[in-house]
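Novice: I'd like to ask some things about the structure below.
Computed from the coordinates by the stated procedures, all read-outs in this text should not be read as laboratory data. What you are looking at is a predicted structure, and each value in this text was computed from that prediction instead of being measured. Reconstructed Cβ throughout: ideal geometry from the backbone, glycine too, with neighbour counts over all protein chains shown.
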Amino acid sequence: MSSPDFSQNYFQLFELPVQFAIDTQLLGNRYRQLQRELHPDRYASAAEHEKRVAVQYSAFVNEAYSALRSPLKRALYLLELKGMSQQEISGQQVDGGFLIEQMELREKLESMHDLVDPDTVLDHLVAEISSDIKIHQAEFEAAYNQSDLTAAASACVKMQYLEKILQEAEQIESELMDS
Amino acid sequence: MLLQIAEPGQSPLPHQVKLAVGIDLGTTNSLVASVRGGRADVLVDESGQFMLPSVVNYSSPDGPVVGSAALELASQHPADTLVSVKRFMGRGRKDAGKDAERSHYRLADGEEGMVSFVTSQGDISPVQASAEILAVLGERARQTLGGEIEGAVITVPAYFDDAQRQATKDAATLGGLPVLRLLNEPTAAAVAYGLDSQEEGVIAVYDLGGGTFDISILRLHRGVFEVLATGGDTALGGDDLDAAIVNWALEQAADVELQAGQYRALHRMARKAKESLSSELVVELPLGDVIADADPVTLRREEFEAFIQPLVKRTLRACRRCLRDADIDAVDDVVLVGGSTRVPLIREAVEDFFKRPPLIDIDPDRVVAIGAAIQADILVGNRPEGDLLLLDVIPLSLGLETMGGLVEKIVPRNTTIPVTRAQEFTTFKDGQTALAVHIVQGERELVADSRSLARFELRGIPPMVAGAARIRVTFQVDADGLLNVTAREETTGVESAVTVKPSFGLSDEQITEMLQSSFSHAEEDKTARQLAEQRLDAEQLLQGLDAALAADGAELLSEAECQALHQKMQALRDAARGEDGALLRALTEELGRASEAFAARRMDKSIKQALAGVSLEELDQEVRE
């Protein structure tokens, strides 16, 4: 079994440059290539311990792929590689204006159930949040490229806030669907 | 260890082709398929039938009757004839209530919180009934293929949770089939189509089975199938379309009270009516055959469509959500699975939703079994490498109970498997020596709304100040979608790992016991299993020690102590490669004892560190204030 070097960082594992901009097609191709070799199904008739090792390798590759594929996770991982801990990142200050916007978004979401046509309003809201996330991704990339880790971490925190609201919006949507 | 079969990548010689089967264990019907001469097809019984009704009758003391013969006995012995047992797999009595009411079963509490059916031949679990069905299909395959089955792939609805998967695997083992893999039904269907086409693109699989609805979105890319998202409804299926007709018919007959046998007969009449309405515009139900003096009633296709409309809408909602999860706007192909997808309204609704005419080249009743047979052929090693690889996902989020009855998600739904995720927890009381771990599955935020998979307690945590212990809980989901959870206290190197089985499944001991009563080779299995478990124990101990030595070995141990420990570790490593279980156990225990002193020193060190940490934090707090 050819084994990936677990001491490599995720970018090295997929032979990609350590940066926020990513060639998703290349990432996908390298991911599938690694899984072709390591997936436990390739060892279905092998000894038990080989199967277990394959499960571990394959899980590691899955973990690396999921960390690089999502822009937010990728941003967090880049900061982690720069030596920032989760606590340092989440301890970043965000400006008051952003927080007020978040509160407004949340209020809109909470009143969704009382609307006559919640679906359309919700669609608009989801589109708005998604475009905000893109803005903060660009903000992160610029800050990271200038090695301004504080600003990069702050952009990350904003992305986290917005992703969380997006999840809540989807939760509300599925509740509306099921009602 | 040297009885090497073909290495992955090497194609075995023709005479080494191994017999492998794919089995679609359905709610209503079950099928077995195999690849012969490079072609996958279903296997028929002696009367030429490929579908085996998933029905088991327990009215005779001579043993259970399976299939069409059991179906014939259904009206006569309703309580002894188990149909749709798949709906009860891995379910507790409470969950089963609604389905049971509809099926007129008498239920009992089985072992480990599982539901059982009361029959005149004793209490029968859904796992046992399913095992009978699988045993019949296994025997059919042995007869047709002329040899022992080396491996089977059993399909399950993508939306099955951990308990339901474990129950299915248990049933296969009990039915005498060596399970290579559990495969999600929609993924199997995609394989059946994808392998011929060798296309690239995104495929949606709409699978309306007898008792479950599944929707999956997959991407096919140079022989790699990547499941992007999966969703569905375990409580919605083709049976519900039949039930809608039954309810309508009862209204027509002025809501008479039916006996269980009559209800079964009416259900069969409804299914036939549904099937006829796929080609006819009007169908007549001779209600007089079931209810004395009742007049025949006619059902028009539009009427039928009107009362199944809400069910169809429910499936489309799941489709929309699944597309979103997959982050996909459009698909290249749509595959239909399940007999109920022959209903014209469903075909139209699916075409309308995905804006693609669905693929129907392969019989929707056989497509899952065919895909499973192809996957079995690959896994058993009959095909060259690079042929096909499946990357599947976990259908439901896995999490832990935290303070206040809330769920903390550890592995979110649609995460590609296999996956390993760990989360660290700590103690919240000084001197706390145990931590309760409760594993749940589902999308809801409250534990009360989620499915409880297992509970266990991590004991033997050395007493420390609150917050000093680092308890790492690791979730590992294998390629079958089955979960293992281990918990370990990290600061001390004291090994306390626990592996759990879902509380609704059978325990390994139970399976072993049941096997012993039915198969002669059970003893061998047990020995092999024990050896495997001992190897695992040894490996865990070695891994833990390796990590502990790397972290603190140089600081806390003298050269001589370190060397002594390494010698014992090497001896254990050697034994783990051998077959002597007793030796392995003895050496594991010996190493465990030998490393206790080291563990104690690490404990001391961590307590000192923890105390130092607390005072620093307090200091920090004061400065900030």
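Novice: Using just the helices of the protein assembly as shown, give the 222 nm mean residue ellipticity in deg cm²/dmol: DSSP H runs with n ≥ 4 each add -39,500 (n - 2.57), and the total is spread over all residues, rounded to 500.
Specialist: Per the formula, -15500 deg cm²/dmol.
Novice: Next up: Mind checking the alpha-carbon convex hull of the stretch B:195-300 and giving the volume per residue in Å³?
Specialist: Per-residue hull volume (Cα only) is 133 Å³.
Novice: Next question, about the same structure. Which value results when the Cα radius of gyration for the stretch A:10-69 is divided by 2.2 N^0.38 Å?
Specialist: Output field value: 1.22.
Novice: With contacts defined as alpha carbon pairs under 8 Å and 6 or more residues apart, what's the relative contact order of the stretch A:91-178 in percent?
Specialist: Over the stretch A:91-178, the number comes to 38 percent.
Novice: Tell me whether the stretch B:119-243 comes out rounded, prolate or oblate; compute the Cα gyration tensor, take square roots of the eigenvalues as a ≥ b ≥ c, and use a/c under 1.5 as the rounded threshold.
Specialist: oblate
Novice: Rg and Dmax of the stretch B:154-220, Cα atoms, in Å?
Specialist: Rg and Dmax of the stretch B:154-220, Cα atoms, are 13.4, 39 Å.
Novice: Give me the one-decimal nm value for the distance between modelled label points at A:Gln86 and B:Asn484, 7 Å along each residue's Cα-to-Cβ direction.
Specialist: 2.4
Novice: May I pose another question? Within a 10 angstrom radius of the beta carbon, how do B:Asp552, B:Asp295, B:Asp80 rank from fewest other beta carbons to most?
Specialist: B:Asp295, B:Asp552, B:Asp80
Novice: A further question follows. Once Lys and Arg get +1 and Asp and Glu get -1 on their Cβ, which of A:Tyr65, A:Ala75, B:Gly592 lies farthest toward the positive end of the dipole of the protein assembly as shown?
Specialist: Positive-end residue among those listed: B:Gly592.
Novice: If I histogram all Cα-Cα distances within the stretch B:536-608 using bins 5 Å wide from 0, what percent of pairs lands in each bin?
Specialist: 3, 16, 29, 23, 15, 9, 4, 1, 0
Novice: What is the Cα coordinate range of the stretch B:306-346 on the first, second and third principal axes, sorted by size from largest, in whole angstrom?
Specialist: Result for the stretch B:306-346: principal-axis Cα extents of 32, 19, 13 Å.
Novice: Regarding the protein assembly as shown, what is the average projected area of its C-alpha convex hull, in nm²?
Specialist: That works out to 37.8 nm².
Novice: Cα gyration tensor of the stretch B:270-315, axes a ≥ b ≥ c as square roots of the eigenvalues: rounded (a/c below 1.5), prolate (a/b > b/c) or oblate?
Specialist: Taking the square roots of the gyration eigenvalues as a ≥ b ≥ c, the stretch B:270-315 is prolate.
Novice: In whole Å, how far is the Cα centre of the stretch B:126-170 from that of the stretch A:104-179?
Specialist: 45
Novice: Could you tally the net charge around B:Leu482, taking each other residue with its Cβ under 9 Å from the Cβ of B:Leu482, Lys/Arg +1 and Asp/Glu -1?
Specialist: Neighbourhood net charge equals -1.
Novice: Moving to a separate point now. Take the residue pairs B:Lys169/B:Lys272; A:Lys108/B:Lys313; A:Lys158/B:Lys313 and return only those whose Cα atoms are more than 29 Å apart.
Specialist: B:Lys169/B:Lys272; A:Lys158/B:Lys313
Novice: Over all distinct alpha-carbon pairs, what is the Kirkwood Rh of the stretch A:42-119 in angstrom?
Specialist: About 17.1 Å, per the Kirkwood formula over Cα pairs.
Novice: Using the number of other C-beta atoms within 10 angstrom as an exposure proxy, rank A:Met103, B:Met569, B:Met114 with the fewest first.
Specialist: By the 10 Å Cβ count, ascending, the order reads A:Met103, B:Met569, B:Met114.
Novice: To continue, here is another question. Using every alpha carbon pair in the stretch A:64-179, what percent of pairs falls into each 5 Å bin from 0 up to the bin containing the largest distance?
Specialist: 2, 11, 20, 20, 16, 12, 9, 5, 2, 1
Novice: Further question on the same structure: About its Cα centre, what dipole magnitude does chain A give when the only charges are +1 on Lys and Arg Cβ and -1 on Asp and Glu Cβ, stated in debye to the nearest 20?
Specialist: Once rounded to the nearest 20, the dipole reads 1120 debye.
Novice: Does the stretch B:393-505 classify as rounded, prolate or oblate by the C-alpha gyration tensor (a ≥ b ≥ c root eigenvalues; a/c under 1.5 gives rounded; else a/b over b/c gives prolate, otherwise oblate)?
Specialist: It comes out prolate by the Cα gyration axes.
Novice: Okay, next question. Got a sec? Charge dipole of the protein assembly as shown, +1 on Cβ for Lys and Arg, -1 for Asp and Glu; which of B:Tyr206, B:Ala260, A:Gln102 is way out at the positive end?
Specialist: Working it through, the farthest residue towards the positive pole turns out to be B:Tyr206.
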